[in-house]
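The structure appears right after this line, and notes come after that.
The values are calculated or read from the model by the stated rules, or taken from the named source; none is laboratory data. Keep in mind it's a predicted model, so treat the numbers as computed, not measured. Ideal geometry is used to build each Cβ from the backbone, glycine not excepted, and the neighbour counts take in all protein chains shown.
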Amino acid sequence: MKVGVIGAGTMGQGIAKAFAQVEGFTVALCDIKQEWADGGKNKIAAGYAKLVAKGKLDQAEVDRRMAAITAGLKEDLCADCDLIVEAAFEDMKVKQTTFGELDKICKPECVFASNTSSLSITEIGKGLSRPLVGMHFFNPVPAMKLVEVIAGGNTPAELVEKIKTLSTEIGKTPVVVNEAPGFVVNKILIPYCNEGVCVLQEGVASAEDIDIAMQLGCNHPMGPLHLGDLIGWDIVLNIMDVLYNETHDSKYRANVLIRKMVRAGKLGIKSGEGFFNYKK
């Protein structure tokens, strides 16, 4: 099976690795520029090189996986894909435009899936000649076993079953979700991060103590502020805004401190600083 992964960023790289590690799958890793697609593949190779150096992966297996991944542009690589997994920027217009272009490029029997973390599958798929399903992976994809399989308003039951089966084939555990803002995980998880910021802003406890309290008091592996730093506060803010705009429920209103952090470029681990400092 040939899988087109649209978007060669962190999530796209992880999804490409998830399919390429299983024999019988080939991957077209695509982005809007050739150099971005190549950069994504190079980062995959660099990650594998570290695993080989640590003795956790055999070089011959790495060579097989890398040979299964081709980097390039969707118009050059996706015409014969059997499955598309879109992992582009989390913006409705970007995703609709991307799928609209793919609808003209891909063969009619190609299955379309989106890795959106919170947006409406029904809305993304509006106007397409084929149904759309959600296939939401979690970061880091190689380590996280879950895939949310999201049924939109026009997603046939047999398509949901097909994606469930594919998820199992690549070693993931699928859960079926009826479309709702944030689906299951982010509808619960992202407000948890937001509430941690609220507690901090109110001066109830320090960032360190808030996280320690949730780790030791609730047996969580990570507190809300470290978790937000890991996810990226720009992503947290984006999902909170989706939840609020879709529901108009005040419990989903993003804390103003998150907006301040995002405007200041303090996004968490990826920027070197969030509510904790990661600069070396």
Legend entry - Residue among Gly196, Gly203, Gly223, Gly232 that is within 23 Å of Leu119 (Cβ to Cβ), small (Gly, Ala, Ser) and not assigned by TED's automatic domain parsing to the domain that holds Ala157: Gly232
Inset, instruction - Considering each of Leu83, Leu102, Leu77 in turn, give the residue that is of a type in the set (A, V, I, L, M, F, W, C), out of contact with any helix residue (DSSP H, G or I) (no Cβ under 6 Å at 6 or more places or on another chain), farther than 27 Å from Phe183 by Cα and buried (at least 16 other Cβ atoms within 10 Å of the Cβ). - result: Leu77
Inset, instruction - Of all residues in segment 105-128, count the ones that are more than 20 Å from Glu161 (Cα to Cα), surrounded by fewer than 23 Cβ atoms within 10 Å (Cβ to Cβ), over 19 Å from the mean Cα position of the chain (by Cα) and of a type outside the set (Val, Ile, Thr). - result: 4
Inset, instruction - Name the single residue, out of those in segment 4-59 being over 15 Å from Ala88 (Cα atoms) and among the β-branched types (Val, Ile, Thr), that is surrounded by the most Cβ atoms within 10 Å (Cβ to Cβ). - result: Val27
Inset, instruction - Scan segment 226-274 for residues that are within 22 Å of the chain's Cα centre (by Cα), buried (at least 20 other Cβ atoms within 10 Å of the Cβ) and not in a helix (DSSP H, G or I) and report the count. - result: 4
Legend entry - Where a residue in segment 9-22 is among the aromatic types (Phe, Trp, Tyr) and its partner, wherever it lies, is not in a helix (DSSP H, G or I), with Cβ under 7 Å and at least six apart: Phe19/Val3; Phe19/Phe25; Phe19/Val27; Phe19/Ile170
Inset, instruction - Run down Thr168, Thr155 and say which single residue is among the hydroxyl-bearing types (Ser, Thr, Tyr), modelled with pLDDT of 95 or more and not in a helix (DSSP H, G or I). - result: Thr155
Legend entry - Spans of helices (runs of 4 or more DSSP H) in segment 1-97 with at least 1 residues assigned by TED's automatic domain parsing to the domain that holds Phe138 and under 23 Å from Val133 (Cβ atoms): 10-20, 74-77
Legend entry - Counted residues, segment 183-211 - those being of a type outside the set (Ser, Thr, Tyr) and outside any helix (DSSP H, G or I): 6
Inset, instruction - Working only within segment 1-52, note down all residues that are of a type in the set (Val, Ile, Thr) and out of contact with any Cys (no Cβ under 8 Å at 6 or more places or on another chain). - result: Thr10, Ile15, Val22, Thr26, Val27, Ile32, Ile44, Val52
Legend entry - Members of segment 215-225 found to be in a helix (DSSP H, G or I) and under 14 Å from Val197 (Cα atoms), listed by number: Pro224, Leu225
Legend entry - Residue selected from segment 162-189 under the condition in contact with a helix residue (DSSP H, G or I) (Cβ under 9 Å, 6 or more places away or on another chain) and over 19 Å from Lys145 (Cα atoms), by the criterion surrounded by the most Cβ atoms within 10 Å (Cβ to Cβ): Pro181
